[in-house]
Amino acid sequence: MEDISTIFKVADKDNSGTLTLKEINDVLEDICIRYPQVELYMKSMHMVDIADLIKGGVGDSNKESMVVNIEEFKKALCHVDSQVKTVPATAQVAAQQGYYLADCFNKKDHCVEHPEGPLRLTGSGEGHHNFRPFRYKHLGQFAPLGGEQAAAELPGDWVSMGHSTQWLWYSVYAR
């Protein structure tokens, strides 16, 4: 997250060198669109709001009066970023990226006039990006084991192995 300082400057409307909870919440949507790992991390850790994320680095239990300096802000976002797992190099990812790009090309003219992406934080620093960033959605995976058996791992930590899974594999991949 190279542009944490830029995010901080955009959020710090009063140029105080610190962020209040309101200032953070004003840019939170753009942060979560630009860096989906923040939202995913908060959900996985059952955090209610951004204050819960930053509170780990600040230690202030009173959310309303919470004030964060740039170092505390960086520490919280860097911790989230360090927990990110990379997108697997699979055909599933490539297929989703292909659909994403096709969708972007199909609505390019509309998005030039009505951008739907996050706030621009670098470059010109004005306006919004035309498109929302690509987001991978894990749909699970199958693996043939041989001997008419297969293994499956599906979202929600559902795992299955054996002959019935092989039949499920056939139903998904049969042409």
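The values are calculated or read from the model by the stated rules, or taken from the named source; none is laboratory data. What you are looking at is a predicted structure, and each value in this text was computed from that prediction instead of being measured. All Cβ positions, even for glycine, are placed from backbone atoms using ideal geometry, and neighbour counts span all protein chains on display.
The sole residue among 50, 4 that is within 23 Å of residue 127 (Cβ to Cβ), at pLDDT below 85 and touching a helix residue (DSSP H, G or I) at 6+ places or on another chain (Cβ under 7 Å) is 4. Taking region 106-120 as the range and being more than 27 Å from residue 3 (Cα to Cα) and in a helix (DSSP H, G or I) as the test, the residues that pass are 106, 109, 110.
Only residues that are among the basic types (Lys, Arg) and either in a helix (DSSP H, G or I) or within 12 Å of the chain's Cα centre (by Cα) (or both) were counted in region 13-34, giving 2.
Is it the case that residue 37 is part of a helix (DSSP H, G or I), modelled with pLDDT of 80 or more and either in contact with a strand residue (DSSP E or B) (Cβ under 9 Å, 6 or more places away or on another chain) or of a type in the set (Asp, Glu) (or both)? When the stated conditions are applied, residue 37 does not pass them. Listed conditions (1) more than 30 Å from residue 17 (Cα to Cα); (2) among the β-branched types (Val, Ile, Thr); (3) in the same structural domain as residue 18 (by TED's automatic domain parsing) are all met by residue 90, apart from (3). Identify the residue in region 80-107 that is modelled with pLDDT of 90 or more and charged (D, E, K, R) and, among all such residues, is surrounded by the fewest Cβ atoms within 10 Å (Cβ to Cβ). Result: 103. Given the condition surrounded by 16 or more Cβ atoms within 10 Å (Cβ to Cβ), at pLDDT 85 or above, of a type in the set (Lys, Arg) and not assigned by TED's automatic domain parsing to the domain that holds residue 132, answer yes or no: does some residue in region 55-74 qualify? Yes, because at least one residue in region 55-74 is surrounded by 16 or more Cβ atoms within 10 Å (Cβ to Cβ), at pLDDT 85 or above, of a type in the set (Lys, Arg) and not assigned by TED's automatic domain parsing to the domain that holds residue 132.
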